[in-house]
Amino acid sequence: MTAQHLVARPVDLPRKAEGRTLPQLLRDNAQEMGRATAIRSKRAGIWRATSWGGLYARVLRTAAALEALGLAPGEAICLISENREEAWITQMSAIALGAIAVSVYPDASAEELDHVLGHSGAVFLLAEDQEQVDKALARDGAERVRRILYIDPNGLWDYADPRLVRLDDAVAEAPPTEAAERRIAEATQGDIAVYCYTSGTTGKPKAAMLDHAFILDNAYRLMGALGIRPGGNYLSYISPAWAAEQFFGVGLPLLAPLVLHFAEKPETVQADLREIGPDFLMFTPRQWEMQASAVEARMMDAGPWRQRLFRWGLARGAERASGQGSAWQRAVTWPLADQLVLKGVRDLLGLTRAKAVLSGGSGLSPELFARFRAFGVPLGNLYGSSELGLIATHRPGDKNPETLGHLMPSDPTIAAPLEAWLDDGELCLKGRAFAGYLGDAGADAALGGGEDGYRTGDAVRLDERGELIFLDRVKDLRRLSTGQTYPPQFLENHLRSAAMVRDAIVIGGEDRDRVVALINIDMEIAGRVAERAGLGFGTFSELSQLPPVRTEIAREVAKVNAIVDPGARIAAFANLPKELDADEEELTRSRKLRRGAIESRYAPLIEGLHGDAERVEIDIDVSYQDGRKSRLRAVVEMNRMEASA
């Protein structure tokens, strides 16, 4: 290994794929540990357990139902549901038949669902409830769907579409068959199991085809890098529409194996998380940012002495995380801070037993990384993509928040170790990857592969320890008319570390001489600031423009400006009069910024920030998930930063 060429360190674990597929692993787990708990789901406030033997039996019964309804090998079934065991079992049952599963984010619009149904060629659809059924029936893409199964029957009693079938009824009425077990035995690791659609930050999402080997190799990468052992708890929360959940919530529980948990509903996730006490968890950076903001919001309501105690405990936690302290601090001060403050924070977050928790999907600021480490939460960065899988992560004990950690080990029964190198600053990789894009050979060719490796499109540096440091997407690196370069994601990640900032986008290119920013405030935190100042507000738009709120944002912008070159500093910012919304195509469903859409929609604000206007009036369309539209008219203040900031 040289400074510019890395090879992942192999890790030999007792549990390997050994040529098996996902359903074959499920079958073997049922045979070897049939009475052990495989899944726990919360219903009506009660956790209900399913053993490996019981889970395999349910998968076979559901597979029989799908086959009886006409699902054939090679066909696709689309699933649109919150994370729940019925959807997991249906996906596994379809895969057991040799069909292909494709999941859609539950908050996707009817148009987005229509695109997936049409592009994937799905002939079956599993919808969670009436809302999801309505989305399917509202568009033309469902015309080719032969069967629409649903989980929750509420509101669907008088629907006349003959394709509608309640999942429970289909399973109860299906005749016994051995076809699923036969197909499970005949399947190979190279068979396509899942289509996962990419974020689509710059256009329509592409369907990445994932085979069994790729999913299981990524599960092994997690086990080898993080020391995950059998029997731990994992909460399935991120949507299986994201490839990461296929690795975390499908492959990993089967291979490790882990106990897979499903919360009662999204609104109870935080409370359910506390009851589970997971050993292992993965959230997106936005979710970690919201967790940190929730802690900050609670402390803003606390009395002065509790706030001082919290700040003292947090400072001691930061000292402990750094590993540098006197014998007295190690023996007395740090344990005291943990008992008085930090243990309570971890309990609030549901992370009292966490051994490895990760942030993946986009960048997490070093400030937030340090904040959770100070809480005593072993948060680490995770880097990867739908096409190339999980590439690098922090190992237990890694402490550098500026990096993405080391390359992850591959399952030796599937692939050789990952290799990485830089080509003109762009990260290139060689290793087990996805099976290509569905119907897009041109995109396959652009990604590369073979002996020349895959081009990630990411600008990366390698430090002296062989850890990856992410800068930005190569295409997103910006240069101003002054010749100054800057990485937008670096600035945005640091801005989002502030409790007041829900999201941020920085703007400036070769036709501009300065960097400006649009800020999406956190309504809960900003509302508390306004209340403390004795100011009332009726809408998000009004709140975003209040002087105390703009002053707090200016302080956070100044902090970020202090750590970048003078020519790359944010010269002005505006607080958006509404929250960024995936329903309006400002964000992807995984909450990544759609830069082009945002810059087009808020062009008047951007022009105002680059000009000398004090305020700008904006008039924009607002869309709702149910299809309703309205207009928002607001006056937005232009906030100028001092040149010395």
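The values are calculated or read from the model by the stated rules, or taken from the named source; none is laboratory data. Owing to the predicted nature of the structure, the values given are computational and were not obtained by experimental measurement. Cβ coordinates were reconstructed from backbone atoms using ideal geometry, including for glycine residues, and neighbour counts include every protein chain displayed. Only protein heavy atoms, including side chains, enter the accessible area calculation; ligands, DNA and RNA are left aside. Shrake-Rupley method; radii C 1.70, N 1.55, O 1.52, S 1.80 Å.
Skipping prolines and chain starts, which residues have an amide H placed within reach, meaning under 5 Å, of the one on Arg594, given they are 5 or more residues away or on another chain?
Result for Arg594 returns Leu587, Thr588.
Looking at the chain, send over the antiparallel percent of its DSSP beta bridges, to the nearest 5.
60
Enter the Cα centre distance for the pair region 586-619 and region 81-99, rounded to the nearest angstrom.
40
If one computes P(r) from the Cα atoms of region 477-640, what percent of pairs lie at distances over 23 Å?
It works out to 36 percent of all Cα pairs.
What's the long-distance tail for region 84-157, i.e. % of Cα pairs beyond 15 Å?
The proportion of pairs with Cα distances above 15 Å equals 53 percent.
Relative contact order of region 477-640, please, whole-number percent, based on alpha carbon pairs below 8 angstrom and at least 6 residues apart.
Computed value for region 477-640: 19 percent relative contact order.
Find the Cα radius of gyration of region 22-276, compare it with 2.2 N^0.38 Å by division, and give the number to two decimals.
Ratio of Rg to 2.2 N^0.38 Å for region 22-276: 0.95.
Could you run the Debye sum over the Cα atoms of region 427-483, one equal point scatterer each and no solvent, and tell me log10 of I(q)/I(0) at q = 0.17, 0.18, 0.23 Å⁻¹, two decimals?
Per q value, in the given order, log10 I(q)/I(0) is -0.72, -0.78, -1.00.
Which net charge results when you count Lys and Arg as +1 and Asp and Glu as -1 among the other residues whose beta-carbon is under 15 Å from that of Gly277?
Its environment carries a net charge of +3.
What number does region 1-92 give for Rg over Rh if you use C-alpha atoms and the Kirkwood radius?
1.12
Can you compute 3J(HN,Hα) from phi for each residue in region 120-131, using the Karplus curve 6.51 cos²θ - 1.76 cosθ + 1.60 with θ = phi - 60°, rounded to whole Hz and x for Gly and Pro?
7, x, 4, 10, 10, 9, 9, 10, 5, 7, 4, 4
From the cross-link list Lys206/Lys592; Lys265/Lys343; Lys578/Lys629, which pairs have alpha carbons spaced over 23 Å apart?
In this structure, Lys265/Lys343 lie more than 23 Å apart at Cα.
At 37 °C and 0.692 mPa s, grab the translational diffusion coefficient of region 133-177 from Stokes-Einstein with a Kirkwood Rh over Cα pairs, rounded to a whole number in µm² per second.
In µm²/s, the coefficient is 282.
³J(HN,Hα) across region 19-24 via Karplus (A = 6.51, B = -1.76, C = 1.60, θ = phi - 60°), whole Hz, x for Gly/Pro?
x, 8, 8, 4, x, 5
On the protein heavy atoms, probe 1.4 angstrom, tell me the percent of accessible surface of the chain carried by carbon and sulfur.
49
Dipole size in debye (nearest 20) for the chain around its Cα centre, Lys and Arg Cβ +1, Asp and Glu Cβ -1?
Taking the Cα centre of the chain as origin, the dipole is about 2140 debye.
If you take semi-axes √(5λ) of the Cα gyration tensor in Å from the coordinates, which of (i) 36, 30, 26; (ii) 57, 25, 24; (iii) 40, 29, 26 do you get?
Read-out from the structure maps to (iii).
At 1.4 Å probe size, with every protein chain present, just tell me what the per residue accessible area of region 22-276 comes to in Å².
Roughly 36 Å² per residue, with all protein chains present.
Determine the distance separating the Cα centre of region 508-538 from the Cα centre of region 250-286; give it in Å without decimals.
Their Cα centres are 33 Å away from one another.
Given region 200-327 reduced to its alpha-carbon atoms as identical point scatterers, what log10 I(q)/I(0) does the Debye formula return at q = 0.18 Å⁻¹?
Computed log10 I(q)/I(0) values: -1.10.
Would you pull out the residues with amide H under 5 Å of Glu264's amide H, same chain only if 5 or more places away, H placed 1.01 Å from N?
Lys42
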